[in-house]
Each structure stands twice: as structure tokens, then as C-alpha cells.
Amino acid sequence: MKKLINNNKPAKINNLKELIDFNAADYGDRPLYFYKRGKDVLEFTYKMMKEAVESLGTAFYELGLKGKNIAVVGDADPYYMVTYYAAANGGGAIVPLDKELDNDTIASFMDIAEVSLIVYTPSFNERMPEIASKTKASFFVPIVPDTGFMPDDSFIPLDTLLEKGKTAIGNGNKDFISFVPERDSVASMIFTSGTTGTSKCVMLSQHNLASCCNACVDATNFFPYNTFVSVLPMNHSYEVSTGHLALSRYGACTFLNDSIKNALKNFAYFKPTSLLLVPLFVETIHKRIWKEIDRKGMRKKVNFAIKLSNMLRKIGIDKRRVFFKDILAAFGGNLETIICGGAPLSKQLIIDFEAFGIDIYEGYGITECSPLVSVNRFGKKKYGSVGTKVLDCDVKIDKSPEEETGEIIVKGDNVMLGYYKNPEANKEAFTEDGWFRTGDIGYMDSDGYIFITGRKKNVIILSNGKNVFPEELEEHLSHKPVIGESVVIGRKDEKSGETVITAVIYPNPEETEGKSDAEIYDLVKQAVDETNKSLPTFKHILGFEIRKTEFEKTTTKKIKRFLIK
């Protein structure tokens, strides 16, 4: 099926207030979100978003919170984004918090960011009274209240605030509606995920977020009729900036997934045309597809169909949606595109999905860059690359002439204002001439395509001076069905003092069910030995350890490497 190219892109925005206003004018009663309330599936339009933002923002002003910072925490919900816009467009900043954090950390982050009010989804109804007792915030707003967990007048139901704001607007209060955010004012304060053990508070401006939204629209090929299912955490900049902000500018419709365990069921129900995902999610789906193919004894037939399909495509005949109809049905049958970022993705996995009729475009971003830095474009992707730099963003490799790789550094409209009240971290984060140091290592080819080879902090330096990036070895291991997850580290041998490349491995439970520890050990050893055969000698994994439980992860499914000793 030949894909159309959208040459009629929507107008650029200068701030998030324009995003709300333009969207309401352009798309009005079109559905922005579908979401669940209990067993019901409800619709939330672009016009409803503008009205709700103006009501809630006016209510914040009525409470004396003009210019104050507002937090939000919980699950996917339209009113999560209503809160996001109302806070960011009122002179203060939105502080999206990770729902996986414990109560003490949430309270601590709220106080660090000087939060005055927090809005929360039902999953926090029972937790919020304890959080309230630990923070200096003045107001606590449940989206769907449970009266049993609202101890005093500082707890105000969201509906009450929306009605308060609506009444104030009717009485002539236009202060919030007429307020125009300044270009470089702080719009969002995001605590980094802390995969290295420390979290910093990133300050993103109105211009940062607007530039990211514009860059996403410029770099992707979507239409108002495209449909999405949102599955990533809403506190994450990748999900909000490239998803909710940018997709709304297209006029697209998004179904808000109610639970990660229901994702595949919701794909089948809502039938998305496109998805924004992280690699672990894509890898899990890929393994399930082939496991089901093997269960039915269809591997040979599927491989033959792939070869035949590829031959036909070379002469302009595309039968993928016919040949692989049953596989595509798992996603609802309409899925054509996946934008993937957050970690490296296997080249073979991209090729497999492409063979089935689903194009995967890898991109690269970091919270400090709002977050988008680069992405592969429609019809112009390179396997193994995270694409070329986006609009209003410059990228270069900081290296000496004799080096093949170096640190990826960025300058542009997407780069953060800085870390909140952290001058030491700000000094370390930027070069003397103002380039942001990403901490990622890679190279750029002659066409401007960026290739990431690893994280600067993760590199293993061997006694012979050679550098080994564990991400490369982990990708090789990920191709082995018996290996569910792995983290490669450098361990010092007590006798020799040499650094030994060691893999900590969590076996795939679907492949090891019913097997003894000894049998699992033999299968893992075989997988490691096979992996070593494809690697140069100095990169060989000389030791491995098996763990019984999954690695602890961030909400975007990045393994917290700093916990692996």
C-alpha cells in the first residue's frame, strides 16, 4: 500500500497557549482523546480541552496561584493534560511526577520544585493524604474523588475547581485567558528518571516545548485521521512532547491506555494507525509474535511469505497486509507506523516489522532537549541510525580527529534553560561555548545520520586501554530467545586485577518454564558462547551471572543500571 505524504502541515506555534487556541480553532469538535471511566469509553474533544484549560487555569488564579508551580501525578487521563496546560500557561510551571515513586520522594520533589497544588488520578486517592502530610503544598486535587480519602478543606475535587473557574469567567474574570506566557519562561519542570542514581530537575521553557512540537510536526508524516494509543507514562517528556503536544497539532485522535497489561487488548479495540513506543515494548511484542508463530508451527511458512513478499515489493506489488493479516490483527489491523526512542533497537527487529507491514522509525532524544534531537524521516531511514537532526537544532560530535566516536553535543531552540537551583550540574552539562553535553557516545556519517554506540558513563575500559560499550553486547544478547534482559558490566578480577566483561542475565521465563537451574545455566551459557563467536576477542563476555527476578526499571522501562554492582 503506497503511503501518502502530508505536504499541508499545520501552522507553527510559539507557545503552549497558541497550541490550545490553534487546535480548538482548527479541529473544534473532533475527538482529541478517548478514555475509560470504569466500563465506559468517553470522548474528549479539542474544544473541550480549551474550555477545561481556561476554567482550571482561572480557578488556579482564583486560589491565588498565578505564577505558582503545579504538580500532576498518576495514570493517563485527559485532565492530566488539562492540568499540564493550565499550569504551564498561567505564568508558573507544570511539574509532572513519576507515579512509580514512593510517597516520601514525591513529597520531596514537590518541595524542591516549590509546588503549591497537586492534581492526581484515582490511583493516588489512598496515597495522597500521606503525601500531603509530608509536603508544604497547599492544595490537593483529585480528578475523581473518593470522599473517604479527603481529610480536610485543602482537598478540592477537580469538578469543583472547574465549576469555580467557569463561574469566574462568566463573571468577567479574563486574567488567565488574556495572559500570554513569555518566550523563555519556565513551562515545565521535569525530574530526570535517575537511571544513574541521581535525579535533577530540568527546566523547559515555553519556547523549548513549542520548538519540539514544531520539530515533531516537521519531521513526521501524520494526518488528522491518524489514530494512536498512548501507552507510555505521562510524566515522561517523550510521551508528552512528541505525543500529546505534537500529535494534537496534527488534529490526531489518541486512545488513553488504562493499563500496560491491557495494551494489546486496547490496540485490538481502538485499531491505531500509529504508535509511540520504547524498545522494550517493541521487543516484547516481537518475541510474542514469533512465539505464537512457532506455537502454530508456522515459522517456515511465515519465512517463505516474507521472502515472497519482499520479492513482490521490489517490483511494486505490496501484499504485506494480505499475507500477514493475522499478525497485524494483534494491533487492530490498521497499524502502519511505530516511532521508537529511549534506547537502542535491534536492526533485525526493524526489518522483521517492516516485512509484516509496520514501519519503525528510530529517533533520539533526551529530557534536557525537550526531548527530540533527531529522527529517521519517512522514506529516508537508515538502519541502526537514530536519524538526522530536527528543525532548529544543531548536533555535532565532540571528538579529536583521530577518534572514530565522541560525545554527542547539542545546541538549539530545544535545549533546556538549565537544572533548577543546581549550578554545579549546569556547569558540567554545557561546554564553554554553550553546547549541551548529552553523555551519549556516537558518530555522524557524511549524510548527517547519527549513530549511537553507548553511554559515556557506562563505558567499560579494559586494561589494554580499549573501550567497550555494554549496550552493543546487550543488543547481541537480546537476539537469543533464552535471554529476557541483560546488563553488561566490567568486574575486577580479585587475583589478576584485570577488568572482566560480565553479563548479568535475567532468563526469559517463557523459554525456561519447567526447567531446572542447571538446565537454565546450560542454555544461558550456550547463548553467551554463541554471542561471543560474533564478537572480536577483546569484546568477549568472559563471565555471566543469572538472576531470578527482572531488573528494576524506570517508568519508561529503562533498566536502572546503577543498581547493578
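Every read-out reported here was derived from the displayed coordinates using simple, explicitly stated rules and does not represent laboratory data. Treat the numbers as computed from the prediction; the structure is a model and nothing was measured. As a convention, Cβ positions derive from the backbone with ideal geometry for all residues, glycine included, and neighbour counts pool all protein chains shown.
For a quick check: with amide H placed at 1.01 Å from N, whose amide H comes under 5 Å from K68's, ignoring anything fewer than 5 positions away on the same chain?
Close amide H contacts, sequence-distant or interchain: G92.
Please go through region 381-453 and write out the GluC sites (Glu not before Pro) that DSSP classes as loop and that have at most 14 other C-beta atoms within 10 Å.
Values: sites: E402, E403, E404, E407, E424, E428, E432; in loops: E402, E403, E404, E432.
Within region 381-453, the qualifying GluC sites (Glu not before Pro) (loop, at most 14 other Cβ atoms within 10 Å) are E402, E403, E404, E432.
Which of K47/K164; K17/K66; K287/K319 have a Cα-Cα distance over 21 Å?
Working: K47/K164 19 Å; K17/K66 15 Å; K287/K319 23 Å.
Beyond 21 Å: K287/K319.
What FRET efficiency, computed as 1/(1 + (r/R0)^6) with R0 = 25 Å and r the Cβ-Cβ distance, is obtained for D294 and E100, rounded to the nearest 0.05? Numbers along the way, then the final one.
Numbers: r = 33 Å, r/R0 = 1.34.
E between D294 and E100, to the nearest 0.05, is 0.15.
In whole Å, what is the distance between the alpha-carbon centres of region 506-537 and region 40-73?
Region 506-537 and region 40-73 have Cα centres separated by 52 Å.
Does anything in region 378-415 have its amide N under 12 Å from the 7 Å Cα→Cβ label point of V459, and if so which residues?
398-400, 403-408
Tell me which GluC sites (Glu not before Pro) from region 437-532 have a DSSP coil assignment and no more than 11 other beta carbons within 10 Å of their own.
Details: sites: E471, E472, E474, E475, E485, E494, E498, E510, E511, E513, E519, E530; in loops: E494, E498, E513.
Passing sites in region 437-532 are E494, E513.
Neighbour counts of other C-beta atoms within 10 Å: give me K427, K480, K548 arranged from fewest to most.
Values: K427 11, K480 20, K548 7.
The most exposed by this proxy come first: K548, K427, K480.
If contacts are Cα pairs under 8 angstrom and at least 6 residues apart, what is the relative contact order of region 16-260 in percent?
Numbers: 461 pairs, mean separation 56.1, N = 245.
Worked out over region 16-260, it gives 23 percent.
Once amide H atoms are built 1.01 Å from N in the peptide plane, which residues 5 or more positions from G412, or in another chain, come under 5 Å H to H?
Sorted by chain and number, the residues that satisfy this are D394.
Starting from the Cα-Cα distance between K492 and F223, subtract it from 0.36 nm times their residue separation and give me the gain in nm to one decimal. Before the final figure, lay out each step's value.
Values: separation 269, 0.36 × 269 = 96.84 nm, distance 5.37 nm.
Result: 91.5 nm gained on full extension.
P(r) for region 459-563: what percent of alpha-carbon pairs falls in each 10 Å bin, starting at zero?
Percent of pairs per bin, in order: 14, 46, 33, 7, 0.
Could you give the length gained by full extension between K271 and E550, i.e. 0.36 nm per residue of separation minus their alpha carbon distance, to one decimal place?
Details: separation 279, 0.36 × 279 = 100.44 nm, distance 3.05 nm.
Net length gain for the segment: 97.4 nm.
Assigning unit charges at the beta carbon (Lys, Arg +1; Asp, Glu -1) and nothing else, what dipole magnitude in debye, to the nearest 20, does the chain show about its Cα centre? Could the numbers behind the result be given before it?
Values: 73 positive and 75 negative charges, 391 e Å.
It comes to approximately 1880 debye.
Taking Cα centroids, how far is region 119-178 from region 254-330 in Å?
Region 119-178 and region 254-330 have Cα centres spaced 42 Å from each other.
May I ask you to evaluate 6.51 cos²θ - 1.76 cosθ + 1.60, the Karplus curve with θ = phi - 60°, for each residue of region 210-218 and list the ³J(HN,Hα) values in order in whole Hz, giving x for glycine and proline?
5, 5, 5, 4, 4, 5, 4, 5, 5
Put a dot 7 Å past each Cα toward the Cβ at N7 and N171; how far apart are the dots in nm?
5.4
Nearest 0.05, what FRET efficiency do A330 and D40 give at R0 = 25 Å with Cβ-Cβ as r? Write down the numbers at each step before the final one.
Values: r = 25 Å, r/R0 = 1.01.
Computed FRET efficiency for A330 and D40: 0.50.
Determine the calculated [θ] at 222 nm for the chain from helices alone, applying -39500 (n - 2.57) to every DSSP H run no shorter than 4 residues and normalising by the residue count; nearest 500 deg cm²/dmol. The partial results should precede the final answer.
Details: 19 runs with 190 residues, N = 565.
For the chain, the value works out to -10000 deg cm²/dmol.
Give me, ordered by chain and number, the residues 5 or more places off N257 or on other chains with an amide H under 5 Å from its own placed amide H.
S230
Applying the Karplus parametrisation 6.51 cos²θ - 1.76 cosθ + 1.60 with θ = phi - 60° to the phi angles of region 305-318, what ³J(HN,Hα) value in whole Hz is obtained for each residue in order, glycine and proline being reported as x?
Couplings: 4, 5, 4, 5, 4, 5, 5, 5, 5, 5, 10, x, 10, 10 Hz.
Considering the options S237, P481, P96, tell which one lies farthest towards the positive end of the dipole of the chain, charges being +1 on Lys and Arg and -1 on Asp and Glu at the Cβ, about the Cα centre.
P481
Given an 8 Å cut-off on Cα distances and at least 6 residues of separation, report the relative contact order of region 229-374 as a percent. Don't skip to the answer; put the middle values down first.
On the way: 174 pairs, mean separation 41.5, N = 146.
Relative contact order comes out at 28 percent.
FRET efficiency for E519 and I317, Cβ-Cβ distance as r, R0 = 45 Å, nearest 0.05? Walk me through the numbers on the way to the answer.
Values: r = 46 Å, r/R0 = 1.03.
FRET efficiency, E519 to I317: 0.45.
How do S274, S309 line up, fewest other C-beta atoms within 10 Å first? Walk me through the numbers before you get to the answer.
Details: S274 24, S309 19.
Ascending Cβ contact count within 10 Å gives the list S309, S274.
Could you work out the relative contact order of the chain, using alpha carbon pairs under 8 angstrom and six or more residues apart, expressed as a whole percent? If you can, show how the numbers build up before the last one.
Working: 1092 pairs, mean separation 64.5, N = 565.
Computed over the chain, the figure is 11 percent.
Taking a quarter of the surface of the Cα convex hull of the chain, what do you get in nm²? Walk me through the intermediate numbers first.
Working: hull surface 113.2 nm².
Its Cα hull, projected and averaged over all orientations, spans 28.3 nm².
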